[in-house]
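The values are calculated or read from the model by the stated rules, or taken from the named source; none is laboratory data. Owing to the predicted nature of the structure, the values given are computational and were not obtained by experimental measurement. Reconstructed Cβ throughout: ideal geometry from the backbone, glycine too, with neighbour counts over all protein chains shown. Note: areas computed on protein heavy atoms with side chains; ligands, DNA, RNA excluded. Shrake-Rupley method; radii C 1.70, N 1.55, O 1.52, S 1.80 Å.
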Amino acid sequence: MIKGFTRFLQSPGEHLRSLFGPQDASAAGPELRVIPRQEHPVSRQHFSDAALKVLYRLHNAGHEAFLVGGCIRDSLLGRMPKDFDVATDATPERVRELFRNSRIVGRRFRIVHVRFGREVIEVTTFRGKPGDDHADHIAQQSDDGMLLRDNVWGNIEEDAIRRDFTINALYYSIADFSIHDFADGVRDIESRTLRLIGDPATRYREDPVRMLRAVRFAAKLDFDIEPATEAPIAELAELLLQVPPARLFDEVLKLFMGGHGVETFRLLRDYGLFAMLFPEADEAMEELPWAEAVIERALASTDRRIHEERPVTPAFLFAALLWGPVQQRQQTLEAEGMPPIPALQAASQQVISRQLQHVAIPKRFSLPMRDIWDLQQRLPLRRGKRVFQTREHPRFRAAYDFLLVREAAGELSPGLGDWWTAFQDADEHEQRRLLGKVDADPAGTPAPRNKRRRRRRRRKPSNDDS
């Protein structure tokens, strides 16, 4: 079994072709294909214990229980799945009864989060098609066709066609370990094609975030977006302006914190989606020759750290994404007579305030982001105790990495980053030498401030002096 799975990992496309045979081009449309356990490589050994506990408890309670979506897709692609979503015919209230360690979340889509320590298993009830007889608290659409609420329960067939992409309409049954393919998703995996289920324009209007998901999956899986799925994206990109900023924050993290940020960023720009998320950053890239390179260098650094399983922070990425607009506003304020430090602080506040209208940035990230920006003005100041104070700042390392990004992107002339690299690794003697080198180079330090001479107070004559 292990040897067979290893061969499957080496060339999943070839093995899927051999399993399912040539596709009949004359077929009227996709039909349910049930793939028995002996004909697919997906194994319970690839699933977390928490996911299996949820599946078996639902099954033993008399409910249908399936793993669905990305975990099955990734398993067929030879990737080790990380997130596990469960679909069932049990209502959210019933799931809540079965799992004391759960809670119902969401208004637009009511789902259940079952928590096992730090792992969360997301359980959704099969969804059906909304009808005219459903009240607004169950199903509701905007005038533009966006689903504002969708809590109509249905069966597994209805649930499958409500999913976004064919490759995500794959269900793994805990009852007999078979895979239920409702939309020819396996064949699209084999051909590495990303295809929406249903009419693309209608599905994007129902939920504009699907355009972001299309880009994310294309970048993550190295899939081609099917022409009909791709065609409406540029025209409908502005629909993203109707999506709540808090929801878009979560989507931005998925876009840029998955290890494929550079390719995702380029696709977002190609389809006109990036401007809907970061309008000022998009404008800055048209005017500042280094702004795009700063973003790409920061994304490349984040991708590399993720692949090396090193820690990353969204604050660093947001600092890079919004640095261009901050610099533009700071230059404008300085031209109006404001000193550099207050100008940077005011520019930061203005940029963040506008950005929050598009993508919400929680303070736990916006405050460190501002520290990274503020330290860009402190890093060139390398005299005396100030150097050690800067070095001990909690955000120093992120600010230092950001400085290197700015130099590599061509915004700054190289040199300052090398100095800080050497200073961090140096012993006390070498640090004194580096500080002395700065003292001997007036160009590398700020001009000394003119000290105001104190006037000596004239002593009033006392009685003893007269």
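Among the residues of the range 97-115, those identified as of a type outside the set (Gly, Ala, Ser), surrounded by fewer than 16 Cβ atoms within 10 Å (Cβ to Cβ) and either out of contact with any strand residue (DSSP E or B) (no Cβ under 8 Å at 6 or more places or on another chain) or at positive phi (or both) are Glu97, Arg100.
Looking across the range 184-206, the residues that are in contact with a strand residue (DSSP E or B) (Cβ under 6 Å, 6 or more places away or on another chain) and charged (D, E, K, R) come down to Arg203, Glu206. With respect to (1) assigned by the TED database to the domain that holds Val42; (2) closer than 22 Å to Val123 by Cα, the lone exception for Asp184 is condition (2). Show the residue pairs that are 6+ apart or on different chains and have beta-carbon atoms under 6 Å apart, the first residue being within the range 220-248 and within 14 Å of Phe274 (Cα to Cα), the second being open to solvent by less than 70 Å² (accessible area, probe 1.4 Å) and of a type in the set (Phe, Trp, Tyr). Hits for this filter: Ile233/Tyr271; Ala234/Tyr271; Leu236/Tyr204.
Could you check the range 116-126 and list, in sequence order, the residues that are open to solvent by 50 Å² or more (accessible area, probe 1.4 Å) and assigned to a loop (DSSP other than H, G, I, E, B)? It would help to see each step written out before you state the result.
Start the filter on the range 116-126 by keeping residues that are open to solvent by 50 Å² or more (accessible area, probe 1.4 Å), which leaves 116-120, 122.
Hits for the range 116-126 are Gly117, Arg118.
Filter the range 293-311 down to the residues that are open to solvent by 20 Å² or more (accessible area, probe 1.4 Å) and out of contact with any Asp or Glu (no Cβ under 9 Å at 6 or more places or on another chain) and list them by number.
As a first pass, look at the range 293-311 and keep what is open to solvent by 20 Å² or more (accessible area, probe 1.4 Å): 293, 296-297, 300-301, 304-311.
Glu296, Arg297, Ala300, Arg304, Arg305, Ile306, His307, Glu308, Glu309, Arg310, Pro311 - these are the residues of the range 293-311 that are open to solvent by 20 Å² or more (accessible area, probe 1.4 Å) and out of contact with any Asp or Glu (no Cβ under 9 Å at 6 or more places or on another chain).
Applying the selection to the range 234-254, what residues are part of a helix (DSSP H, G or I) and open to solvent by less than 50 Å² (accessible area, probe 1.4 Å)?
So in the range 234-254, the residues part of a helix (DSSP H, G or I) come out as 234-242, 245-254.
Those that are part of a helix (DSSP H, G or I) and open to solvent by less than 50 Å² (accessible area, probe 1.4 Å): Leu236, Ala237, Leu239, Leu240, Pro245, Leu248, Phe249, Glu251, Val252, Leu253.
The numbered conditions (1) in a loop (DSSP other than H, G, I, E, B); (2) crowded, with 22+ Cβ neighbours inside 10 Å are all true for Thr264 except (1).
When Asp133 is tested against the conditions (1) in a strand (DSSP E or B); (2) at pLDDT below 70, the lone failure is (1).
Hey, among the residues in the range 388-412 that are part of a loop (DSSP other than H, G, I, E, B) and of a type in the set (Gly, Ala, Ser), which one's most open to solvent (accessible area, probe 1.4 Å)?
Of the residues in the range 388-412, the ones part of a loop (DSSP other than H, G, I, E, B) are 392-395, 409-412.
Checking which are of a type in the set (Gly, Ala, Ser) leaves us with 409-410.
Values: Ala409: 17, Gly410: 55 Å².
Residue satisfying both the conditions and the ranking: Gly410.
For the range 336-387, residues that are open to solvent by 50 Å² or more (accessible area, probe 1.4 Å), over 20 Å from Pro279 (Cβ atoms) and in contact (Cβ under 8 Å) with a residue 60 or more places away in the chain total 1.
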